[in-house]
1. Across peptide B:8-21, what mean number of C-beta atoms from other chains lies inside 10 Å of a residue's C-beta?
2. What does the average come to when, for each residue of peptide A:405-412, you count the partner chain Cβ atoms lying within 10 Å of its Cβ?
3. What is the average number of partner chain Cβ atoms found within 10 Å of a Cβ in A:387-395?
4. Quick check on my link table: of A:340/A:409; A:86/A:157; A:86/A:375; A:65/A:508, which ones sit more than 29 Å apart, alpha carbon to alpha carbon?
5. Relative contact order for the range A:267-343: what percent, with Cα pairs under 8 Å and sequence separation of 6 or more?
6. In nanometres, what is the gap between the two model label sites at residue B:52 and residue A:336, each 7 Å from Cα along Cα-to-Cβ?
7. Give the residue from A:102, A:202, A:244 lying farthest towards the positive end of the charge dipole for the range A:69-511; charges sit on Cβ (+1 for Lys and Arg, -1 for Asp and Glu) and the dipole is referred to the Cα centre.
8. Taking Cα centroids, how far is the range A:135-202 from the range A:472-511 in Å?
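The values are calculated or read from the model by the stated rules, or taken from the named source; none is laboratory data. Just so it is clear, the structure is predicted and the values come from calculations on it, not from any experiment. Please note: Cβ atoms are built from the backbone with ideal geometry, for glycine as well, and neighbour counts cover all protein chains shown. What goes into the accessible areas is simple: the full protein's heavy atoms, side chains included, and nothing from ligands, DNA or RNA. Shrake-Rupley method; radii C 1.70, N 1.55, O 1.52, S 1.80 Å.
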Amino acid sequence: MKANQETRRDFLKNSATTLTGALLSPLTEPSSSASGSPQVSAPPSGGLDLPALTLAAAAERIRKKQLSPVELTQAILDRIAKLDSKVGAFITVTADQALAAARAAEQEIQQGRYRGPLHGIPVGVKDTHYTQGIRTTAATRVLHDFVPTFDATVVRKLKEAGAILIGKTNLPEFSFGGYTPGTNNPWDLSRNSAGSSGGSAAALAAGMLLGATGGDTSGSIRNPASTCGVVGHKPTFGLVSRYGIVPISWTLDHIGPLAKTVEDAPILLRVLAGYDPNDAYSARVTVPDYPRLLKRPVRGLRLGIPPAEILKDFYPDTQESFRQATKVLEGLGCRVQEVKLPPTLELASAAHTIIRICDAAAYHRQFLRQFLRTKAAQYGPGNPALPAVSQVRTTVEAGSLLTAAQYHKAQQFRRVYIREMLELYASFDAFLSPAMPAPADVQATPRITFRSEYNLNGFPAVSVPCGFSTSPAGLPIGLQISARPFQDANVLALAYAYESATDWHKRKPAL
Amino acid sequence: MVDRTFIQTLAEANGIAIPEERLEVVLKQYQTYLELLNRLDSLPLDMGAEPSATFALPTEGTGAVPPRQKR
């Protein structure tokens, strides 16, 4: 027991984000081997399946000048050309710009100016992210011709880190909903990828990206990550800037990474995170070295799980995968204990909905006002192949009719809910739950789904693959790990320990 | 009474024009929101609880470390 406690203490030490008003640490790390190494000439990557590489594996090869960013980018573009007609992950593919950026990255690396582990890595961003000079549609006809004049903060950070922007990924209209029209699940193309960051998750699962970003207002990073068998991390609210992102809700939207493996996610988060004065809710925090904090022993950690009476309404295969996942973590020395949930948790999704639609109505007012009726008439999916019916318009029109008092009622509830959740989370180090009630396009309706509840409280949560369904067969299932605010490093370390003890992340869809 | 006329009047007062053919679907959506608010009203809240757009960054109890003091 004493040994366990010491390990737990070590784990928790220095792992949390540091609150500060001081200058932030640099976003990119100097390379320790940037100079004096052999140049990329004839890349020894012949025979290597480049799109199948993880971000970490590709970065290591690029750092050692064993892999050309141009070759990698071309391999990804070839993969997209081959598969995206079946998967439908992208709204826009920026092939020419990507190859130009890859050539520039390669030249910089050859000249000894390696920027860090994203240098030369092909990534995609959700089509809500402003991209300077590149159309940003949010998958709606309302914005079909919108070309931003600046990059979203996260896009700028990715570019500064040397990442190669491959394209803009698909989503439902304005990110509303957990279903991404037009994006098929790589594990079963007859099923959906879930959403709303469905294009990012499907592209990763299909080997069409090495890293991606998404937005999560009600579970929209974690849902498709779970459904497509990849990793999705919703960071603590305020940790990653929302500036330059087409919003749903200013106080519920979270931007975060999606990745093939847990090892890849903190590489992205390290670049994405950090204070941004342009985001009204950005937190003044020093960004920890997430990749360095990843590989820590988890023995002795206390993990809470939901009561059986809540879990029983999840899909049977999901319940079973979740049970097995908790056993794996117990096998790693964690102590798993069922916890009593506060009554506010069951009402959290109601408060979340009121806040979400009121915020959304305020944003959409610019399109709905009388003198812009022509704009209002344009609501509908950006993809002309889809029916021009817009649930978004109905949602925001009805949301426009709620009063400020009703909005503040939900915000008042939120204050009490967050206090209760902080008290609850003081009794354990992390909380486990299924990431989704059921696999892709399978129905299950538990009273608490553990999705929008984490947007209302802003706590960090990651979805990591934890199994596959048996009926229907072969659909990915995700485990969600959450913790107190700014303990993102801890949820990722736990997820990594779990991933390292299992092989779910090594399975690939047959495409 | 919450009906189509009510929706139309409320929308016009808010500067939004909802076409006649859309009133019914917006009415139904609005009623679902009222039901959610009724659920929230069913839980008595601490009288001192002030609305908060988001949580304040806690320095205690979350594991977050306070900023270092300048020497």
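1. Numbers: counts 0, 1, 4, 6, 1, 1, 9, 6, 13, 8, 8, 4, 0, 0.
For peptide B:8-21, the averaged partner shielding equals 4.
2. Numbers: counts 1, 6, 2, 4, 5, 4, 6, 7.
Mean partner-chain Cβ count within 10 Å for A:405-412: 4.
3. On the way: counts 0, 0, 0, 0, 2, 0, 4, 7, 4.
Whole-number average of other-chain Cβ neighbours for A:387-395 is 2.
4. On the way: A:340/A:409 25 Å; A:86/A:157 31 Å; A:86/A:375 32 Å; A:65/A:508 27 Å.
Where the Cα-Cα span goes over 29 Å, the pairs concerned are A:86/A:157; A:86/A:375.
5. Working: 62 pairs, mean separation 24.6, N = 77.
Computed value for the range A:267-343: 32 percent relative contact order.
6. Calculated label separation equals 3.2 nm.
7. Highest projection toward the positive end goes to A:244.
8. Here the answer is 22 Å between Cα centres.
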